[in-house]
Amino acid sequence: MRRLRFHHFAWGVLAYNLLVILGGAFVRATFSGAGCGSHWPLCGGEVLPVFQSAEKVIEFSHRAASGLALLAVFALIVWSFRAYPAKHRVRMGASLSLLFLVTEALAGAGLVRFQWVNQDASVGRAIMMSIHLSITFLLLASLTLTAWWASGGSAIRIRGQGAVGWALLLALLGTLFLGASGAVTALGDTLFSGGTFAQNLQLDLSPTAHFLIRLRILHPMIAISVALYLILNAGLLSHLRPSDHVKRFSNWIVWTLVVQTGLGSMNVFLQAPIWLQITHLLAADVLWIALVLFVASAMAEDIVPVESQAPETPATPMKATWKSYVALTKPRVISLLLFTTITAMFIAAKGWPGFGLLMAVTVGGYMAAGAANTINMVLERDLDQRMKRTASRPTVTNLIPPANALVFGFCLGAGSFILLSLASNLLAALMALAGLVFYIIVYTMLLKRRTWQNIVIGGAAGSFPPLVGWAAVTNDLSPLAWWLFAIIFLWTPVHFWALALLIKDDYAKAGVPMLPVIHGDRATVIQISLYAVLTAVVSILPMVGRLGPVYLVAAVLLNALLLARSVQLLRFPDRPHAVSMYKYSMLYLALLFLIMAVDRSMVHL
């Protein structure tokens, strides 16, 4: 009974601290940080001050609420030591909560004592606010784990987590960094409010603007990057650590991210009113709590990792070589899409984009695509085992254990993001990460086993490479970049369904609902013809006036051949004509992008 009451008290302390944190944001947003002067912990040098201004009332109320939070956490520790044995995890969580609460209070005291409040726009204040927010998140994590463990949550197993452990650690660090950037952005919104959306955007992009203004433009980019990574983790861990708690908290993360994205967009367009800033912070806190519970559930002692379970196929006596790891990346599959990345760089630059940038984007793009393919092999081991075409893959034969493949895949993905961010820009890295997440979560996990439309919607994953190349050169995404995306998106069903006709028996054996398996060859060739027409239209009409005669003439010829092949396949839906369409579709896309690059480059010759 004592522990049951403690469980409720612990969640209550967490909820109360959330209110105190939101109160602190209200103090900052209303410029009330100097309401008690530079005195701390006293207010204006007095224990009970005379309230002569609203700012003093707000600041003193927040300090009083923080004092009650300290008493509540102290009671939490005393109760935990009475209710739980020595070295119990609940005791540890309560003790860490007190440590971080005291540290957070000292950070707040530093802001007051150094007068980094009200209208101060110094670097010191920005750094201290980032530190303060990080400590606040650590406090919430400690309180959350204390309540979770008191509610019967399992202990966390640190060792033996492999790539999953590192991936979750990166998720926690990334979210901490996102929160810190959000604190700085909120400071900029508070100090430099006013003006229209267009005026503020122009100011954000100005190289002469105050650093707090220029940093505001980075927060949305960081937020999208971290959100994509969190979605990747939520999806993967729901498969690799399939417990009810993991699935529940992964859904919590995804839906909170959706809400948080909406609130963030409203903040930008409405010029960050106080109520919206506080709501945005509340959503960030909820997201952090969900992530902490997700990590605790995924790394629980009583969960059996799927990726470490023995495969059905006996282990091979052979040792993996570097060629085995290269095979995980599916280099033949990557080559064509990597070619569209490179040619998109020439199209964006209207000529030579520079050797260093070209090499960095080529390597970074390959790493991102290779990471997606590697993780895909881990998730589809059961399908690959049943298909003749894929039965010899390293993850199926256990030449490379799934846990090792995951480490390799995560390293490739992280390396790609870092390389593209440093060598080009954050937008290019973000596009590469978006393609990776879309391929793994949307295509592999949500669509491939459920609907014959999998390749239509999932084909968007293969359409991201030209966006990566374009963004790397220009640091934006113009309409022409999105037309490149659309061409590949509509071309993908033509290409992939031609291949599906050739290996439909394999797909049927594996239980994958590809179009030829579900609706037959006739329906497939009709769909191929329809998408061939759409591809021809999108690759020609929108380009009139944007590209020169060289591209337009070549595009007409290439599309005439594509349509002719589709008509032949429609008349004769047999294997030779399917092979012909499959091979020509690859040549078609490569030549179309190559000629587009040549046409754009000729303008400056």
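The values are calculated or read from the model by the stated rules, or taken from the named source; none is laboratory data. From a predicted model like this one, the values you see are computed outputs, not experimental measurements. Cβ atoms come from the backbone with ideal geometry, glycine included; neighbour counts cover every protein chain shown. Just so you know, the surface numbers come from the protein's heavy atoms only, side chains and all, with ligands and any DNA or RNA stripped out. Shrake-Rupley method; radii C 1.70, N 1.55, O 1.52, S 1.80 Å.
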Number of the exception - Q202 against (1) open to solvent by 20 Å² or more (accessible area, probe 1.4 Å); (2) at pLDDT 90 or above: (2)
Test: residue in region 254-262 that is touching a residue at least 40 places away in the same chain (Cβ under 8 Å), in contact with a helix residue (DSSP H, G or I) (Cβ under 6 Å, 6 or more places away or on another chain), open to solvent by 10 Å² or more (accessible area, probe 1.4 Å) and assigned to a helix (DSSP H, G or I): no
Meets criteria (farther than 16 Å from L140 by Cβ, under 15 Å from the mean Cα position of the chain (by Cα) and either at pLDDT 95 or above or part of a helix (DSSP H, G or I) (or both)) for W275: no
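Conditions tested, residue by residue: (1) touching a Gly at 6+ places or on another chain (Cβ under 8 Å); (2) in a helix (DSSP H, G or I).
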site: Q52; (1), (2): no, no
site: V57; (1), (2): yes, yes
site: G67; (1), (2): no, yes
site: A75; (1), (2): no, yes
site: K87; (1), (2): no, no
site: A94; (1), (2): no, yes
site: L106; (1), (2): no, yes
site: L138; (1), (2): no, yes
Candidate set: region 428-462, residues that are under 17 Å from V361 (Cβ atoms) and of a type in the set (A, V, I, L, M); chosen: the one surrounded by the fewest Cβ atoms within 10 Å (Cβ to Cβ): A434
One residue from A107, A25 being without any contact (Cβ under 8 Å) to a residue 40 or more places away in the chain, open to solvent by less than 30 Å² (accessible area, probe 1.4 Å) and under 17 Å from I135 (Cβ atoms): A107
In region 382-396, the residues that are part of a helix (DSSP H, G or I) and either open to solvent by 40 Å² or more (accessible area, probe 1.4 Å) or of a type in the set (F, W, Y) (or both): D382, Q385, R386
Residue match in region 287-309 (condition: open to solvent by less than 50 Å² (accessible area, probe 1.4 Å), assigned to a helix (DSSP H, G or I) and acidic (D, E)): yes
Selected residue [at pLDDT below 95, over 24 Å from the mean Cα position of the chain (by Cα) and open to solvent by less than 70 Å² (accessible area, probe 1.4 Å)] from S238, S324: S324
Restricting region 267-282 to residues that are within 24 Å of Q202 (Cβ to Cβ) and free of Cβ contacts under 8 Å to residues at least 12 places away in the same chain, the residue that is most open to solvent (accessible area, probe 1.4 Å): L270
